[in-house]
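The values are calculated or read from the model by the stated rules, or taken from the named source; none is laboratory data. Quick caveat, the model's predicted, so the values are computed rather than measured. Methodologically, a virtual Cβ is constructed for each residue, glycine included, from the backbone with ideal geometry; neighbour enumeration extends over all protein chains shown. These accessible areas exclude ligands, DNA and RNA; they are computed on the full protein's heavy atoms, side chains included. Shrake-Rupley method; radii C 1.70, N 1.55, O 1.52, S 1.80 Å.
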Amino acid sequence: MALDFEIHRTLHPTPEDERAEILRDPAFGQVFTDHMVRITWTQDSGWTEAQVVPYGDFSISPAASVLHYGQAIFEGLKAYRLPDGSIATFRPEQNARRFQNSARRMDMPELPEEDFLEALRVLVDVDQDWVPAAGGEAALYLRPVMFATEPTLGVHASKSYSMFVIASPSGAYFTGGVKPVSVWICQDYVRAAPGGTGAAKFAGNYAASLKAQTQAAEKGCDQVVWLDAIDRTYIEEMGGMNLMFVYGSAAESNVKVVTPALSGSLLPGVTRDSLLQVAEDLGFETAEERITVEQWRDDVAQGKMTEALACGTAAVLTPVGRVLSEDGEFEVNGNEAGTITMQLREALTAIQHGEADDPHGWRYVLVPAKN
């Protein structure tokens, strides 16, 4: 049976003028709305205590299993204010299913899809004034999380969990807007291996990535690029985004959009999947293939690969301009945003923001337009 959410509104909402100032130019993930969703799971009772409550800290036992054995998963998606005043999100059922897949891999309980979607709806409905105005890049970023709470030092799957959703008005993920980023190909560390947790949105995957991200920053790069764990040869993904490569050109009508094939160690991104469909809608060929570092460098040098880009919920889509590694560096498309990259970005964001038709039924209305 679907959960029935209790609504407990804060007695101290953010003043309207303060909220307006925040929404004028929101940074990514720095400020949070007035409320949050909380749901509890126990082995005896299942999913219970579904509530919208004032945003705030909560306490857990020092022996909580998550602090010792790391059972924690999360998701990320956005809510957009559409031109008609309604508020919608983008393919949330995919996030709900991935949340279930992540939970299954980490031996955690699976939140039913209908409850995941309702948690988003009730939170956005209560905090709808925090959704930025239509027509800009800003949106309300939604972060569902689940973690183990059983107070035990026994090494086993927890017998209790807390699931929550918080929301943050957010602008561009990368400062400076849509400009090519530089990436560092990491050869010292690996993100995940086949059979591991790479296909789950597991908190530990991100903890394991931080050292390499620091290394990339020390090299003057914006992001790290991971290689496969076995051969240390094949391109997998970036620190928090999937990668795509463009071959050919619109002028020659031979555009092909290629992304690394899912291997069990890559996260199956919702934006990745959506862009492959958008590319096909635009008449481009698409493929999922294994691409080596050497192939990336050589195909750019020979003019076969004309653009590279990264995609994910937070950044949506950003060009990749400079590629650095221990073996040197090279530029893609003269370190400029490519035509196909921007065409893909504009086509996808137009659907997300309600500025274009939605042929695949991807928009999911959370708050209807007011009459």
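What to note about this one:
- Using θ = phi - 60° and Karplus 6.51 cos²θ - 1.76 cosθ + 1.60, couplings along the stretch 140-153 (whole Hz; Gly, Pro as x): 9, 7, 10, 10, x, 9, 9, 9, 7, 10, 4, x, 7, 9
- Size check on the stretch 49-149: the Cα extents along the three principal axes, sorted descending, read 47, 28, 25 Å.
- Of all accessible heavy-atom area on the stretch 26-72, the percent that carbon and sulfur account for (1.4 Å): 50
- Of the residues Val293, Val365, Gln352, the one whose Cα sits farthest toward the positive end of the charge dipole of the stretch 282-371, with +1 on the Cβ of Lys and Arg and -1 on the Cβ of Asp and Glu, is Val365.
- HN-Hα J in Hz across the stretch 178-185 - Karplus 6.51, -1.76, 1.60, θ = phi - 60°, x for Gly and Pro: 7, 10, x, 9, 9, 10, 10, 7
- Residue-normalised convex hull volume from the C-alpha trace of the stretch 177-310: 116 Å³ per residue.
- Of the DSSP H helices in the chain, those with a Cα length along their own long axis of 18 Å or more and a mean Kyte-Doolittle hydropathy reaching -0.5 comprise 113-126, 203-218, 339-352.
- DSSP bridge pairs, the stretch 168-323: antiparallel proportion in percent, nearest 5: 60
- Rolling a 1.4 angstrom probe over the stretch 153-246 with all protein chains present gives an accessible area of which 54% lies on carbon and sulfur atoms.
- Across the alpha-carbon set of the stretch 264-371, the Rg to Rh ratio works out to 1.04, Rh being the Kirkwood radius.
- Hydrodynamic analysis of the chain uses the Kirkwood radius over alpha carbon pairs. Inserted into Stokes-Einstein at 20 °C and 1.002 mPa s, it gives a translational diffusion coefficient of 99 µm²/s.
- The stretch 41-58-the stretch 341-371 distance, computed between alpha-carbon centres (Å): 32
- For the stretch 28-108, the relative contact order works out to 18 percent when only alpha carbon pairs closer than 8 Å and six or more residues apart are counted.
- Only Cα pairs under 8 Å and 6+ residues apart enter the sum, and on that basis the relative contact order of the chain stands at 19 percent.
- Accessible area in square angstrom per residue, the chain, 1.4 angstrom probe: 44
- The stretch 148-260, relative contact order in percent, only Cα pairs under 8 angstrom and at least six apart counted: 19
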